[in-house]
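The values are calculated or read from the model by the stated rules, or taken from the named source; none is laboratory data. Just so we're clear, the structure is a prediction, and the values are computed from it rather than from any experiment. Every residue, glycine among them, receives a Cβ derived from its backbone with ideal geometry; neighbour counts consider all protein chains shown. Keep in mind that these areas ignore ligands, DNA and RNA; they rest on the heavy atoms of the full protein, side chains included. Shrake-Rupley method; radii C 1.70, N 1.55, O 1.52, S 1.80 Å.
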Amino acid sequence: GRLVESFTPADEEKTLIKHEQGALTKALLAPICRVTESTPPVRFEGQTAEEVRAWQERFRARLWDLLGVGERPWRPYTATELDAELIEQQRVADGIQRELLLIRVEPQLQIPLFVFVPPAAQGPDRKRLPALAVFPGHGTIAQTAGLKRSYQRGNALALARAGFITATMELRGFGWLGAVGHLRIDAAAKLVGRTWYGLLVQDALRVVDYLFTRPDVDAAHIGATGIGAGGALTLYATALDERIQVALVNSYLGK
């Protein structure tokens, strides 16, 4: 009894923590470091086109499961399942049309997205244009749409000015979908083998589904881009969906 009563947090630190701080840090991270030092389980070591395709299938399956995107195999939604609902439509800078829509990503959930349509894709003589999914970082589609100043730099609007149809979706945990913060969503998702990023990838692929349904989109030329967390989402979505032909990952990977 006396021993317990006289044992203070300071005593605990002196008696239990016997490592130098650097050595303790190394010891705490040792199991993780050992994994990075071993051969990655999905390292590509083939030489032929067939081996590339086989490796891609293994890699996608592994990444899909690690992120907890959802059920496999993935099935695109039809226009009926997406149930796109036009909320608002107006002309903005340089004759670009901005549409605010809701699309259904799950039976219980609709997400908002802004779609920007350049003049060339409007009217009776409209052309099919290449399209870009523009993913926000830790922010909202009001920022990617240029309605609020931020490090997103209104990139969805800027890219529409460059001649692309752009679609930018609200991220779970932000803006209109901020009823539950993204960190809480991530913590809850991990309890059942999923992640916040995995849920976002699911939503991102639904945005690609939606772009395929639009008559003004050239479905053979669909890309993705984003800044920060939007760059991460671009990276993951492009790795998992061959329909995304080109990707620009901005401010996510670095030295």
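Just a few scattered comments:
- Residue count, the range 31-80 (criterion: more than 25 Å from residue 233 (Cβ to Cβ), assigned to a helix (DSSP H, G or I) and either of a type in the set (D, E, K, R) or at pLDDT 90 or above (or both)): 7
- Check on residue 98, open to solvent by 30 Å² or more (accessible area, probe 1.4 Å) and among the basic types (Lys, Arg): no
- Test: residue in the range 175-192 that is under 17 Å from residue 103 (Cα atoms), out of contact with any Ser or Thr (no Cβ under 8 Å at 6 or more places or on another chain), crowded, with 19+ Cβ neighbours inside 10 Å and among the hydrophobic types (A, V, I, L, M, F, W, C): yes
- Taken as a whole, the range 106-116 holds no residue that is open to solvent by less than 50 Å² (accessible area, probe 1.4 Å), modelled with pLDDT of 95 or more and over 25 Å from residue 80 (Cβ atoms).
- Count of the range 137-174 residues, restricted to those that are within 22 Å of residue 95 (Cα to Cα), open to solvent by 20 Å² or more (accessible area, probe 1.4 Å) and free of Cβ contacts under 8 Å to residues at least 12 places away in the same chain, is 5.
- Scanning the range 67-101 for residues that are over 18 Å from residue 204 (Cβ atoms) and in contact with a Pro (Cβ under 9 Å, 6 or more places away or on another chain) turns up 87, 94, 95, 96, 97, 100.
- Pick from the range 220-239, criterion open to solvent by 20 Å² or more (accessible area, probe 1.4 Å) and out of contact with any Ser or Thr (no Cβ under 9 Å at 6 or more places or on another chain), ranking: farthest from residue 115 (Cα to Cα): 239
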